Amino acid sequence: MSLPVFATSLHDRIGDALAQLVSVLAIPVLLLAIAALLLCAVECGRYATEAWQRHSRRRQWPLKALAARAVAAPGEASQLAAHAPTAFAADAVQQLGAAVASGRPRAAEHALTDFELAVQKRLDRTRMLVRAGPAIGLMGTLIPLAPGLKALSGGDISQLAADLRIAFAATVVGLLVGTVAFALTLVRTRLYSEDLAALERAAEQLPAGGPAAGPALAAA
């Protein structure tokens, strides 16, 4: 066997192996696209619930007032925390009150740190979808094109149409997930930055030796 013939044969075998591997990934990628869409819907539901709670509670007790009151009257911190817009904001309000009650101002720094870590954990879910959604959509678009082109070469137009329908659906799902997740990340980052600023202002009211202002939230 001459070298050109051997190279052509090897190229064909590698191409066939890759094509088989990609075809095996078709179902898992489509399942991932559905899972990403469901996770995005869950995050939208969580944000809607949080936005409703934030709107209804802010009219009575803005977080700035809650945190300031917890520092001024630490004995009421537990009751005040029930009006916080999020669970991790409630924890921060309680920790600020505990820092004053225990006479350990530096404990408030831990409260701010714990708040930022909880915020980053919450934001990481939608940040992951911002990147994973379009990537999954692209894979779901390209994978059906190979059998579609093969069907076209054989004159099977109906199979080509079915493959293209799947490819376009995967594209739309991926772009939708990425767009919605990006919007959620932007809105949540702004809201949580405002919450952090309110907690920092309350922490500044602690006696000397209190915590320095925490770092701003990372950009999405």
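Quick note: the coordinates plus some simple rules give every number you see, no bench work behind them. Note that the structure is predicted; figures quoted are calculated from it, not measured. So basically every Cβ, Gly included, is an ideal-geometry build from the backbone, and we count neighbours across all protein chains shown.
Among Ala70, Pro28, Val130, pick out the residue whose Cα is farthest towards the positive end of the charge dipole of the chain, where Lys and Arg carry +1 and Asp and Glu carry -1 on C-beta, about the Cα centre.
Result: Ala70, furthest along the dipole toward the positive end.
How much length is gained on full extension from Arg165 to Arg106, taking 0.36 nm per residue of separation minus their Cα-Cα distance?
Fully extending the segment from Arg165 to Arg106 adds 15.3 nm.
For the chain, what does -39500 (n - 2.57) per DSSP helix run (n ≥ 4), summed and divided by total residues, give at 222 nm, in deg cm²/dmol to the nearest 500?
Value at 222 nm, helices only: -28500 deg cm²/dmol.
Send over the per residue convex hull volume for segment 143-198, Cα only, as a whole number of Å³.
Expressed per residue, the convex hull around the Cα atoms of segment 143-198 is 48 Å³.
About the Cα centre of the chain, how large is the charge dipole given +1 on each Lys and Arg Cβ and -1 on each Asp and Glu Cβ? Please answer in debye to the nearest 20.
So the magnitude is around 520 debye.
Which whole-percent values make up P(r) of segment 92-200 when all C-alpha to C-alpha distances are grouped in 10 Å steps starting at zero?
15, 25, 18, 15, 11, 8, 5, 2, 0
Given contacts defined as C-alpha pairs under 8 Å and at least six residues apart, what's the relative contact order of the chain, whole-number percent?
25 percent
Once Lys and Arg get +1 and Asp and Glu get -1 on their Cβ, which of Ala197, Leu18, Gly178 lies farthest toward the positive end of the dipole of segment 3-203?
Ala197
Label 7 Å along Cα→Cβ of Leu175; segment 138-155 residues with amide nitrogen under 19 Å?
Flagged as within label range: 138-145.
Mind telling me which of Ala132, Ala67, Ala35 comes out most flexible in a GNM of the chain, alpha-carbon contacts under 10 Å?
Among Ala132, Ala67, Ala35, the largest mean-square fluctuation in the Gaussian network model of the chain belongs to Ala35.
Where Rh is the Kirkwood radius over the Cα pairs of the chain, the temperature 25 °C and the viscosity 0.890 mPa s, what D in µm²/s does Stokes-Einstein return?
117 µm²/s
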